[in-house]
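A.B. asks: Can you read through this structure? Questions will come right after.
FYI, it's all coordinate maths here, none of it is from the lab. The model shown is predicted, which means the values in this text are computed figures rather than measured ones.
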C-alpha cells in the first residue's frame, strides 16, 4: 500500500400552599414584635413596593384571622398576622382554595405567581402555589441551545487545506519505505514569452488560455533508481474541480522530461508545462502523486 504525508516547513424557592378567605371580624393591629419586623399593613405595603411589587393604592379588607389586611389594586391582597403559625395556617387554606401566596414571618401576600416570584427574595418569604386541581403547570425546561462548534481543520495536503509552495515537502512511500520527496514551487502564470523564446515553433496558447511553467524539486528516497518524469505526476485542479494534465513540450529549459534517472538520495529541479484557462487559475491547486499514489495538494500560486 502506498502512503503519503506532508511536512510543514509547515458552562431556592420552596413550595408550600395559598388563597384568601373573608369574614366580618374587624381587623386588629398587631403590636410590633421586633425591630424591622413586618407587623403592620403599612410596613408590608412599603416592603412589597420596595421589593418591586405593584401596589398603587391600598383599600382596607376584612380577612378572618388576619390582624390587618388590604387590597392592592385588583390582583393582590396584603395580610398581617399575629405570628408565623397563624400566617402559615391561613396560607394553607388559601392554596387549597386555588390561590398562590407568599408567606413571611407573620404576613401573607396573595397575588399572581409572577408578581410573587419577583418579590420573594427581598421579602425573605416562601412562595406557595395552588393545590387541589389548581396547580400551575410547570413551565417546560428551555431547550438548551447547541454550543457552537468550530469545524475541524481539514488535514494538511487536501484541496480544502493545501500545502504551501516552496515550504511544504510531500513524502511518498511504498509501505514503510519512502520513495520520493517532492517540493512544488511558485508558478509562472504567463510563460508564453519564455516558451516562445525557447522554441519558436510552438503556437501561442489558445484564446482564453495561458501557458504555465511549474518548477518542481524531486528527491529519490527509494532503492535502486527512479525516473522523475515517469514516477512523479503533477496536474492542475481548478477551484471548480476540473483537472488539467501537464503538457509534453520539448525544448523547454529545465523540463522535467529532460531529467534522467535518479538514484537513492539524488535530487533534481525540473519544470512541468501546462496550458490552462486564464480564468481557472485563481483558487487552484497542484495535485501531486508518485507511483500511482493518491494525490496530495499544494496551493497554485504565482511568482512575484
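A.B. asks: Mind grabbing the base-10 log of I(q)/I(0) for the range 41-128 at q = 0.21 Å⁻¹? Debye formula, identical points on the C-alpha positions, no solvent, two decimal places.
C.D. replies: At q = 0.21 Å⁻¹ the computed log10 ratios are -0.93.
A.B. asks: Considering just Cα atoms, how many Å³ per residue does the convex hull of the range 224-304 enclose?
C.D. replies: For the range 224-304, the hull spanned by Cα atoms encloses 115 Å³ per residue.
A.B. asks: Over all directions, average the projected area of the Cα convex hull of the range 169-299 and note it in nm².
C.D. replies: Taking the Cα atoms of the range 169-299, their convex hull projects to 7.7 nm² on average.
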